[in-house]
Every structure is written in structure tokens, then in C-alpha cells.
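One structure is given below, encoded as C-alpha cells.
The values are calculated or read from the model by the stated rules, or taken from the named source; none is laboratory data. Bear in mind the structure is a predicted one, so any value in this text is a computation, not a measurement. Counting neighbours? That spans all protein chains shown, and the Cβs are built from the backbone with ideal geometry, glycine included.
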Amino acid sequence: MANESKRDGLTRKVTLVGLADVMFDRYAGDNKTQLPPEDKLYFAPDGRTIVLPAANISSLLTAQNTPSAPKRFLDARTYKKTAQGILSYTVIQPHQIPFLRNGRPIEFGAFDGDSDALSGAYIHRSVARLDKGIPNPKVRPVLPLPWSLEFDFRYFENDEVTEEMVRSLLIRGGLSIGVGTFRGVFGKFSVAGWE
């Protein structure tokens with residue numbers, strides 16, 4: 001256990017290991033703009049390293065309007081308080097978490113057809129059906145296995161949520177919900193390290 005003051009919280013090194021490919025669908029900022037597949041990925045400032053925003057993991061642990069681990073696994077009358085506690089008393093850093101393969105950041109080159117030789121990313125094409133059967137074509141990039149993520153997770157002691165509760169929700173949420181978009185099918189992971 002880290003030797004830190006209560007004010008500074010406890011910092012854990014967390015490692016997530018992918019169990020399924022990760023799908024991306026970065027929002028363009030409005031509903032009319034159609035991004036090319038490579039622009040739906042998230043990149044580090046270098047414009048090549050594929051990253052996951054830390055907010056995506058926070059959403060898995062705290063969201064109240066979309067699928068989240070507290071919403072799925074806790075009592076409907078109390079999950080919001082737990083989600084708010086996690087949001088209030090935890091910090092995930094860095095804000096942009098690099099995807100790793102064999103311990104090295106995964107870099108994107110360019111799509112040639114429907115795949116990128118450097119990262120292995122590929123384009124997934126599907127059609128969702130909206131109300132009244134209206135087709136909604138989707139073109140999204142996917143990062144294949146193997147992948148992992150490593151980040152610092154800071155927890156501050158409080159009366160609302162324990163560190164073990166957060167860890168348990170991350171473990172259960174990783175398997176059942178995951179990260180990225182089309183979660184539950186894509187983006188599943190296991191928690192391989194919490195040190």
C-alpha cells in the first residue's frame with residue numbers, strides 16, 4: 001500500500017487487459033458532421049498514438065444516464081449515491097491513456113482499404129435500425145486484440161464508497177460492459193493489476 005497522507009489519497013497502478021476488440025466513435029461536436037473512420041479514434045498530442053480518454057473509464061464507474069457498473073450491479077435505489085461517491089473521491093491519470101501492445105504504445109498509420117497495417121485497426125460497417133425501421137448506417141474503427149491500458153488511480157478515503165467497492169465494480173464492469181462504444185460486445189477487459 002502506498003505510503004501517502006489521507007489528503008493526497010492512495011494511488012494504485014492499474015492495468016487493464018483487453019478481452020475483446022475496442023470500437024471507437026468519437027463525437028464530432030454536432031449530429032450533422034460525418035467524420036472519416038480515422039477521425040473517430042482518439043489520439044495523443046503526437047497524432048499517432050491511440051488513446052482512451054480517462055473519462056471513458058470514469059463513465060463506466062459513474063454514469064447514470066448510460067450503462068455503468070453501479071447502475072448494473074447495485075440496487076436501483078442506491079446506485080446513484082455510489083456513482084456520485086466514485087466521481088467525487090477518485091482521480092484517473094493521465095487524462096489520455098495510451099493503448100499498449102507488448103508494453104509499447106500502439107500507433108496508427110493510415111487506413112488502406114478497411115485496415116491499418118501499423119496498428120491492426122480495422123473498419124467495422126453495420127446498420128442499426130432506428131424507430132420505425134429507419135436504417136442508420138454506422139462506420140467505425142476498431143482496435144483489435146491484444147491491447148492493454150495502464151494508469152494511476154487515486155482514491156480518497158470517504159464515507160460513501162470504499163476502495164474495494166470501486167475495484168470490484170471495475171472488475172465486474174470490465175467483463176460485462178467494457179470501454180469504447182458498442183460496449184458489452186466490444187471493449188471488454190480484465191483487471192490484471194491493482195498495486
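If I ask for residues that are of a type in the set (Lys, Arg) and either part of a loop (DSSP other than H, G, I, E, B) or loosely packed, with under 14 Cβ neighbours inside 10 Å (or both), which ones from region 86-137 would you list? Hits for region 86-137 are Arg104, Arg125, Arg129, Lys132. For region 169-195, a tally of residues being out of contact with any helix residue (DSSP H, G or I) (no Cβ under 7 Å at 6 or more places or on another chain), not small (Gly, Ala, Ser) and not in a helix (DSSP H, G or I) returns 6.
In the set (1) under 18 Å from the mean Cα position of the chain (by Cα); (2) surrounded by 17 or more Cβ atoms within 10 Å (Cβ to Cβ); (3) modelled with pLDDT under 95, the condition left unmet by Pro67 is number (2).
Could you run through region 113-130 and say how many residues are among the polar types (S, T, N, Q) and at pLDDT 95 or above? Lay out the reasoning, then the answer.
Taking region 113-130 first, the residues among the polar types (S, T, N, Q) are 115, 119, 126.
Still in the list and also at pLDDT 95 or above: 115, 119.
Of the residues in region 113-130, 2 are among the polar types (S, T, N, Q) and at pLDDT 95 or above.
Within region 36-63, the set of residues being assigned to a helix (DSSP H, G or I), of a type outside the set (A, V, I, L, M, F, W, C) and surrounded by 16 or more Cβ atoms within 10 Å (Cβ to Cβ) comprises Pro37, Glu38, Lys40, Asn56, Ser58, Ser59, Thr62. Among the residues making up region 109-142, those that are of a type in the set (Lys, Arg) and more than 14 Å from Leu41 (Cβ to Cβ) are Arg125, Arg129, Lys132, Lys138. Looking only at region 67-85, residues that are of a type outside the set (A, V, I, L, M) and either touching a strand residue (DSSP E or B) at 6+ places or on another chain (Cβ under 6 Å) or part of a helix (DSSP H, G or I) (or both) come to 10 in all.
Determine if region 158-168 includes at least one residue that is assigned to a strand (DSSP E or B) and either out of contact with any helix residue (DSSP H, G or I) (no Cβ under 7 Å at 6 or more places or on another chain) or among the hydrophobic types (A, V, I, L, M, F, W, C) (or both). Quick ask: steps written out before the conclusion?
Narrowing region 158-168 to residues assigned to a strand (DSSP E or B): none.
Among the residues of region 158-168, not one is assigned to a strand (DSSP E or B) and either out of contact with any helix residue (DSSP H, G or I) (no Cβ under 7 Å at 6 or more places or on another chain) or among the hydrophobic types (A, V, I, L, M, F, W, C) (or both), which makes the answer no.
For region 141-165, the set of residues classified as buried (at least 16 other Cβ atoms within 10 Å of the Cβ) and either out of contact with any Gly (no Cβ under 9 Å at 6 or more places or on another chain) or of a type in the set (Ser, Thr, Tyr) (or both) consists of Pro141, Ser148, Phe151, Phe153, Tyr155, Glu163, listed by residue number. Out of the residues in region 4-35 that are without any contact (Cβ under 8 Å) to a residue 12 or more places away in the chain and under 21 Å from the mean Cα position of the chain (by Cα), state the one that is surrounded by the fewest Cβ atoms within 10 Å (Cβ to Cβ). Step by step, filter region 4-35, then rank; the result is Gly29.
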